[in-house]
């Protein structure tokens with residue numbers, strides 16, 4: 001009987017995961033997709049629990065209770081602005097589980113392990129521990145426990161590469177001769193060390209790519225676990241996870257004009273180092289304006305495009321910006337939001353924040369959808385975004401961000417930039433946009449400025 | 001090559017292709033929910049963890065398994081709940097106010113909990129003149 005139930009449960013799980021992901025391709029079906037995936041997970045768990053190998057349920061129940069409590073509390077209380085950290089943390093949990101399962105599998109069955117299974121276990125442990133420490137580092141950087149700036153030192157790539165090569169070599173040796181138990185900790189520890197070293201040189205603005213990449217690694221470690229345990233549901237779920245992460249990192253790379261190999265080999269931060277070296281600071285005049293002056297311009301504007309960036313998330317300004325949009329709409333203006341693919345710290349970061357602030361999603365447009373419209377727009381209001389609006393990406397061949405697709409805000413009739421100061425963006429490049437005649441700089445915290453704009457606009461509309 | 005390995009490789013190949021084709025169609029709007037959903041699905045490592053935690057292979061194995069089950073359960077429970085919380089926030093123009101999210105369905109237990117414990121969150125939803133002025 002069990003011979004039928006278990007495989008059928010796993011089959012159903014695999015199918016439902018695919019149906020679930022399919023659902024999330026459209027707003028209408030998204031939540032139904034989520035329910036399908038939940039049902040799939042239920043099948044997978046039932047299929048596993050009826051397994052004859054499981055003889056003791058005490059620890060399982062304890063772990064279920066503790067894990068559910070932590071998971072539910074996190075899900076309920078984590079604010080949307082902290083979503084990148086949470087995602088990084090959950091990559092870490094998934095990868096830790098894979099690493100630990102691989103470790104237990106090895107010690108339970110060595111030395112009688114077939115070459116293929118051993119290879120799968122090695123890969124699982126390598127990817128698992130690498131992703132675990134890497135994700136924890138990413139979490140630390142995103143949560144600002146660790147310095148977010150890229151930490152670069154001489155010979156970094158060589159050290160990293162040597163660590164990885166030694167870890168892989170030890171793994172290969174272990175596959176050839178699984179009885180060499182002393183090699184196993186070497187693989188695990190070096191993988192964990194490599195995970196840390198991989199993230200050290202990475203700065204905040206590269207996080208969307210890194211988070212996606214870690215997502216992909218976590219998925220691949222599940223795939224390896226599936227091969228080690230000969231479980232097809234694991235292989236399917238891992239493959240879906242892996243391809244999602246891979247695709248998102250490709251999209252992020254394209255949005256930053258980086259090559260994918262550049263990311264895969266962890267050569268981040270180099271662009272920034274060169275940019276910082278050549279960044280000659282010179283004083284040039286900018287037009288700065290108060291919120292009152294800006295409000296007067298906004299009052300007469302018929303069309304406004306708001307361009308949010310990481311600064312909006314930092315200042316938690318999403319609700320105030322939404323109020324500003326409401327006031328403008330009430331005043332008869334057309335208001336839309338333009339989102340650059342790498343705005344924020346993870347793919348889709350800005351969309352989630354604006355959704356939280358109750359901005360309808362059809363008011364939010366992607367770069368490709370809206371770029372042509374800037375030319376017919378009265379005011380482009382840039383809130384906490386910098387490099388993704390820098391015209392140097394199109395005009396200056398020497399700029400480190402040359403070739404990166406940008407939001408075309410400079411074609412709007414007036415550009416307003418809400419910014420805390422004149423500091424250069426992540427890439428360390430001056431933004432030509434700020435020195436143009438049509439650009440007004442409104443200095444201040446995004447939330448305070450938005451509050452001020454709402455206040456002044458309402459005052460002048462009623463006057 | 002054994003048939004188990006061979007069929008495993010086929011499953012991997014096909015699932016990857018299906019994954020690419022399906023996920024390619026996910027709009028940037030849903031990239032974050034997509035990540036959190038795949039996190040929840042990656043909690044499938046439960047399958048391996050449960051067997052390790054429950055089978056009698058010695059203390060070490062049980063400890064490793066129990067930690068792994070805890071970590072995976074956090075992902076499964078947390079991942080699904082938070083994806084749901086996120087998807088509920090996305091709404092099209094016109095569907096004004098809270099509680100009419102993409103896909104329908106009323107307030108959940110999580111909503112209730114949040115409303116109870118987080119008074120500072122969620123400023124008043126003023127989804128009024130949004131549509132009238134157009």
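The values are calculated or read from the model by the stated rules, or taken from the named source; none is laboratory data. Predicted model, so just to flag it, every value in this text is computed and none were measured. Virtual Cβ from ideal backbone geometry, glycine too; neighbours counted across all protein chains shown.
Looking at A:53, A:38, just one residue is in a loop (DSSP other than H, G, I, E, B) and outside the structural domain of residue A:316 (by TED's automatic domain parsing), and that residue is A:53.
Answer yes if at least one residue in the stretch A:96-110 is at pLDDT 95 or above and under 22 Å from residue A:143 (Cα atoms), and no otherwise. The answer is yes, given that some residue of the stretch A:96-110 is at pLDDT 95 or above and under 22 Å from residue A:143 (Cα atoms).
Note on the stretch A:327-342: among residues that are crowded, with 23+ Cβ neighbours inside 10 Å and without any contact (Cβ under 8 Å) to a residue 40 or more places away in the chain, the one that is farthest from residue A:409 (Cα to Cα) is A:335. The set of residues from the stretch A:193-246 being over 21 Å from residue A:101 (Cβ atoms) and not in a helix (DSSP H, G or I) comprises A:200, A:201, A:202, A:203. In the set (1) closer than 22 Å to residue A:84 by Cα; (2) in contact with a helix residue (DSSP H, G or I) (Cβ under 8 Å, 6 or more places away or on another chain); (3) at pLDDT below 90, residue A:392 fails one condition alone, (1). Once the stretch A:64-83 is narrowed to residues that are closer than 22 Å to residue B:46 by Cα and more than 7 Å from chain B (Cβ to nearest Cβ), the residue that is farthest from the chain's Cα centre (by Cα) is A:65.
What do you reckon, is residue A:69 without any contact (Cβ under 8 Å) to a residue 12 or more places away in the chain and either part of a helix (DSSP H, G or I) or not assigned by TED's automatic domain parsing to the domain that holds residue A:356 (or both)? Criteria met by residue A:69.
Can you give me the number of residues within the stretch A:1-25 that are under 24 Å from the mean Cα position of the chain (by Cα) and more than 8 Å from every other protein chain (Cβ to nearest Cβ)? Final tally of qualifying residues: 2. Among the residues of the stretch B:71-97, the ones that are more than 7 Å from chain A (Cβ to nearest Cβ) and outside any helix (DSSP H, G or I) come to 4 in all. Filter the stretch A:72-88 down to the residues that are outside the structural domain of residue A:4 (by TED's automatic domain parsing) and under 16 Å from residue B:69 (Cα atoms) and list them by number. Correct list: empty. Restricting the stretch A:350-367 to residues that are at pLDDT 90 or above and out of contact with any strand residue (DSSP E or B) (no Cβ under 9 Å at 6 or more places or on another chain), which is farthest from the other protein chains (Cβ to nearest Cβ)? In this case the residue turns out to be A:357.
Candidates are the residues of the stretch A:37-61 that are under 19 Å from residue B:74 (Cα atoms) and more than 7 Å from chain B (Cβ to nearest Cβ); the one that is surrounded by the fewest Cβ atoms within 10 Å (Cβ to Cβ) is A:58. Restricting B:40, B:4, B:53, B:68 to residues that are at pLDDT 95 or above and either part of a helix (DSSP H, G or I) or at the interface with chain A (Cβ under 7 Å from one of its Cβ atoms) (or both) narrows the list to B:68.
Condition check for residue A:456 on (1) within 20 Å of residue A:302 (Cα to Cα); (2) touching a strand residue (DSSP E or B) at 6+ places or on another chain (Cβ under 6 Å): one failure, at (2). Against the definition (within 7 Å of chain A (Cβ to nearest Cβ), touching a strand residue (DSSP E or B) at 6+ places or on another chain (Cβ under 6 Å) and either closer than 27 Å to residue A:209 by Cα or surrounded by 19 or more Cβ atoms within 10 Å (Cβ to Cβ) (or both)), how does residue B:33 come out, yes or no? It is false that residue B:33 is within 7 Å of chain A (Cβ to nearest Cβ), touching a strand residue (DSSP E or B) at 6+ places or on another chain (Cβ under 6 Å) and either closer than 27 Å to residue A:209 by Cα or surrounded by 19 or more Cβ atoms within 10 Å (Cβ to Cβ) (or both).
Here residue A:237 fits the description: closer than 25 Å to residue B:27 by Cβ and within 14 Å of chain B (Cβ to nearest Cβ).
Here is a yes/no grid of residues against (1) in contact (Cβ under 8 Å) with a residue 24 or more places away in the chain; (2) in a loop (DSSP other than H, G, I, E, B); (3) crowded, with 21+ Cβ neighbours inside 10 Å:
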position	(1), (2), (3)
A:292	yes, no, no
A:325	yes, no, yes
A:344	yes, yes, yes
A:358	yes, yes, yes
A:375	yes, no, no
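Within the stretch A:408-428, at least one residue is assigned to a loop (DSSP other than H, G, I, E, B), within 25 Å of the chain's Cα centre (by Cα), outside the structural domain of residue A:252 (by TED's automatic domain parsing) and more than 22 Å from residue A:315 (Cβ to Cβ).
Evaluate the following for residue A:103: is it assigned to a helix (DSSP H, G or I) and assigned by TED's automatic domain parsing to the domain that holds residue A:137? For residue A:103, the condition - assigned to a helix (DSSP H, G or I) and assigned by TED's automatic domain parsing to the domain that holds residue A:137 - is met. For the stretch A:327-342, a residue qualifies if it is more than 7 Å from every other protein chain (Cβ to nearest Cβ), over 16 Å from residue A:383 (Cα atoms) and part of a helix (DSSP H, G or I), and exactly one does: A:327.
For first residues located in the stretch A:84-104 and touching a residue at least 24 places away in the same chain (Cβ under 8 Å), partners that are buried (at least 24 other Cβ atoms within 10 Å of the Cβ) and not in a helix (DSSP H, G or I) and lie 6+ apart or on another chain with Cβ distances below 9 Å form the pairs A:84/A:344; A:84/A:345; A:84/A:346; A:85/A:345; A:87/A:346; A:88/A:346.
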